[in-house]
Amino acid sequence: MTVGFNFLEQPELPAPQVTDAQAEHLLLKHYGINARAESLGSQQDKNFLVFDSDDRPFGVLKIANPAFTAAELAAQDGAAELIADAEPTLRVAVPLPNLAGESCTAVT
């Protein structure tokens, strides 16, 4: 397995620089979701709390750090899905397919 980032060699990994407005654009373009996004102040990825039209929390948008491989991201998604299935009463952010039906959306 290829590892995208070795924390033992380099302890810091800056999060991607994405604004709230850019996150909202990504939600609309790739998921068809017109929503407000608010940065959660992430460490290595860039995460946003997504609000519906009534300004209630709707979900989380994760902008993964490009240092991580597709296999590493798939493992994270798989772990979230396993937890959600095992504990249905626990609120767990699981992948939502984009408009193309994919669980991961590559953007630059």
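Can you compute the charge dipole magnitude of the chain about its Cα centre, using +1 on each Lys and Arg Cβ and -1 on each Asp and Glu Cβ, nothing else charged? Give it in debye, rounded to the nearest 20.
Details: 6 positive and 15 negative charges, 37 e Å.
Using Cβ point charges on Lys, Arg, Asp and Glu, the chain gives about 180 debye.
Return the whole-Å distance between the Cα centroid of the range 31-47 and the Cα centroid of the range 51-107.
11
What share of Cα pairs, in percent, lie more than 17 angstrom apart in the range 27-108?
Values: 1764 of 3321 pairs.
The answer is 53 percent, as a whole percent.
Note the angle between two axes, namely the Cα long axis of helix 20-31 and the longest principal axis of the Cα atoms of the chain, as a number of degrees from 0 to 90, rounded to the nearest 10.
Helix 20-31 and the main axis of the chain meet at about 80 degrees.
With the crude spin-label approximation of a point 7 Å out along Cα→Cβ, what separation in nm comes out for LYS29 versus ALA106?
With each label placed 7 Å out from Cα toward Cβ, I get 1.6 nm.
Relative to the longest principal Cα axis of the chain, at what angle does helix 70-86 sit, 0 to 90 degrees, rounded to 10?
60
Leaving out ligands and nucleic acids, note down the accessible area per residue over the range 61-108 with a 1.4 angstrom probe, in whole Å².
Working: 3330 Å² over 48 residues.
The answer is 69 Å² per residue.
The values are calculated or read from the model by the stated rules, or taken from the named source; none is laboratory data. All of these numbers come straight from a predicted model, not from anything done at the bench. Because the Cβ atoms are built from the backbone with ideal geometry, glycine has one as well, and the counts that use them run over all protein chains shown. Please note that ligands, DNA and RNA were not included when accessible areas were found on the heavy atoms of the full protein model with its side chains. Shrake-Rupley method; radii C 1.70, N 1.55, O 1.52, S 1.80 Å.
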